[in-house]
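Notes for the one structure printed next.
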Amino acid sequence: MAHQLGFSGSTIMSDPNKFEQLFNSRFSHVEIGEFRSLSDFEDFLRLAEAKGYGYGVHSPLIRVESKYDLISFISFDPKRARKQFEDEVRKLSQSGAAYVLVHFPYFKDPDEKHQAEKIDDGLQFLSRIQQTYDMPIVCEPKLGPSMSPHNIEALHHFSRQTWKTYGLSLCIDIGDYLLAVGGKWQVYLEHLKPYIKVVHLHNILIEGAKYIWVPPHPDLEGVEGYWTIKPIVEYLVQGTDKYFLFEHTPHSNPTEEFVDEGIDWIRDLILASNDKVD
């Protein structure tokens with residue numbers, strides 16, 4: 001495949017009344033999860049099939065289920081979280097999903113003991129699930145509480161050989177990486193680059209101790225209170241084909257025109273690198 005653009009379900013907070021908004025005629029892919037119910041998921045599937053769209057699922061499939069617990073207790077016992085994840089992958093392998101994305105690695109406490117061993121155990125589990133159900137698994141490292149970079153740091157210390165061994169893919173959330181490591185992002189991405197399959201696109205509006213995801217747009221580059229994301233997008237366009245997903249949330253009330261301008265800008269950045277985009 002060439003690079004593909006698509007919307008994330010975050011743009012509508014997986015609201016079933018707004019599913020139609022995800023199917024932009026210029027795209028062919030959606031990433032979505034945290035449905036309110038299985039019936040909502042089934043409604044989404046019918047719509048995606050009718051529109052001729054591919055899709056990936058961002059675990060958890062159902063909103064009230066485990067989101068962070070595969071290797072450490074956050075809200076659920078890890079054994080329960082792993083069973084849930086395997087059940088999801090089994091179901092999605094029969095439903096035509098392109099991949100399943102999961103928050104990994106995730107520790108709430110940066111000083112949790114035996115992190116490396118727990119991450120390696122989690123990678124073994126995810127690799128087994130991927131092989132058993134022939135379903136690509138994509139790992140997305142996340143910021144910890146209070147924007148702590150410790151999960152991204154933990155991933156950074158695993159070698160390229162580790163990812164080659166387990167055969168798993170990665171999602172890079174531009175916002176999380178910029179908040180975690182700032183201008184050092186290329187150092188953190190260089191050895192992971194061959195395994196990056198998904199990119200979550202958005203800028204970041206900082207409001208005191210809080211932040212929200214806003215649509216990428218050229219007018220936000222270098223503006224106080226936002227980040228410059230063009231260099232990291234241009235870097236991630238290089239190499240293997242990826243899904244570039246617009247993952248802003250509706251909290252900033254972006255206009256349709258503003259979002260479309262951002263789509264045009266990202267598409268132009270991809271085309272300028274001489275890479276194809278679907």
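Highest mean first, what order results for 250-261, 97-108, 200-211 on Cβ atoms within 10 Å?
97-108, 200-211, 250-261
Using alpha-carbon pairs under 8 Å, 6+ residues apart, how would you state the relative contact order of the chain in percent?
Computed over the chain, the figure is 19 percent.
Express the carbon and sulfur contribution to the solvent-accessible surface of the chain as a percent, rounded to the nearest whole number, probe 1.4 angstrom. Write out the running numbers ahead of the final one.
On the way: 6010 of 12390 Å².
Within the chain, the accessible surface is 48 percent carbon and sulfur.
With charges set only on the Cβ (+1 for Lys and Arg, -1 for Asp and Glu), what does the dipole of segment 137-233 come to about its Cα centre, in debye to the nearest 20? Each step should come with its number before you reach the end.
Details: 8 positive and 9 negative charges, 90 e Å.
In total the dipole reaches around 440 debye.
Leaving out same-chain residues fewer than 8 places away, which aspartates and glutamates sit with a Cα under 19 Å from that of LYS51?
Straight-distance partners of LYS51: ASP15, GLU20, GLU31, ASP40, GLU42, ASP43, ASP278.
About its Cα centre, what dipole magnitude does the chain give when the only charges are +1 on Lys and Arg Cβ and -1 on Asp and Glu Cβ, stated in debye to the nearest 20?
On the way: 28 positive and 41 negative charges, 180 e Å.
Taking the Cα centre of the chain as origin, the dipole is about 860 debye.
For the chain, build the charge dipole from Cβ charges (+1 Lys, Arg; -1 Asp, Glu) around the Cα centre, then report which of SER66, LEU245, PHE258 sits farthest towards its positive end.
SER66
Straight-line reach from LYS83: which lysines have Cα under 24 Å away, leaving out those fewer than 8 places along the same chain?
Straight-line reach from LYS83, under 24 Å: LYS67, LYS91, LYS108, LYS113, LYS118, LYS142.
What list of ³J(HN,Hα) values in whole Hz, one per residue of segment 45-61 in order, does the Karplus curve 6.51 cos²θ - 1.76 cosθ + 1.60 (θ = phi - 60°) give from phi, with Gly and Pro shown as x?
Coupling constants for segment 45-61: 4, 4, 5, 4, 5, 5, 8, x, 9, x, 8, x, 10, 9, 5, x, 5 Hz.
List the relative contact order of segment 45-134 as a percent without decimals, with contacts defined as Cα pairs under 8 Å and 6+ residues apart. Please list the in-between numbers first.
Working: 79 pairs, mean separation 29.5, N = 90.
That works out to 33 percent.
Hey, what do the phi angles of segment 129-146 turn into as Karplus ³J(HN,Hα) couplings, whole Hz, using 6.51/-1.76/1.60 and θ = phi - 60°, x for Gly and Pro?
Karplus values, whole Hz, x for Gly and Pro: 4, 4, 6, 4, 10, 6, 10, x, 10, 10, 9, 10, x, 10, 4, x, x, 6.
Using a 1.4 Å probe, what is the accessible area per residue for the chain, in Å²? Walk me through the numbers on the way to the answer.
Details: 12390 Å² over 278 residues.
For the chain, the solvent-accessible area averages 45 Å² per residue.
Classify segment 27-79: rounded, prolate or oblate, from the alpha-carbon gyration tensor (a ≥ b ≥ c, eigenvalue square roots; a/c under 1.5 rounded; otherwise prolate if a/b is larger than b/c)? Walk me through the intermediate numbers first.
Numbers: a/c = 4.39, a/b = 2.26, b/c = 1.95.
Note, shape of segment 27-79 comes out prolate.
Determine the sum of side-chain charges near PRO60: Lys and Arg each +1, Asp and Glu each -1, restricted to other residues whose C-beta is under 15 angstrom from that of PRO60. Each step should come with its number before you reach the end.
On the way: positive: ARG36, ARG63, LYS67, ARG80, ARG82, LYS83, ARG90, LYS91, LYS142; negative: GLU31, GLU34, ASP40, GLU65, ASP69, ASP77, GLU86, ASP87, GLU88, GLU140.
The answer is -1.
Pull out a ≥ b ≥ c, the square roots of the eigenvalues of the alpha-carbon gyration tensor of the chain, then state rounded if a/c is under 1.5, prolate if not and a/b is larger than b/c, and oblate in the remaining case. Show your work: numbers first, answer last.
Values: a/c = 1.41, a/b = 1.12, b/c = 1.25.
Rounded shape, in that the Cα axes give a/c under 1.5.
How many angstrom separate the Cα center of segment 142-159 from the Cα center of segment 214-231?
If we compute the Cα centre of each part, the gap is 23 Å.
The values are calculated or read from the model by the stated rules, or taken from the named source; none is laboratory data. Not measured: the values here are computed from a predicted model. Note that we place each Cβ from the backbone using ideal geometry, even for glycine, and neighbour counts take in every protein chain shown. In case anyone asks, the SASA skips ligands and DNA or RNA and just uses the protein heavy atoms, side chains included. Shrake-Rupley method; radii C 1.70, N 1.55, O 1.52, S 1.80 Å.
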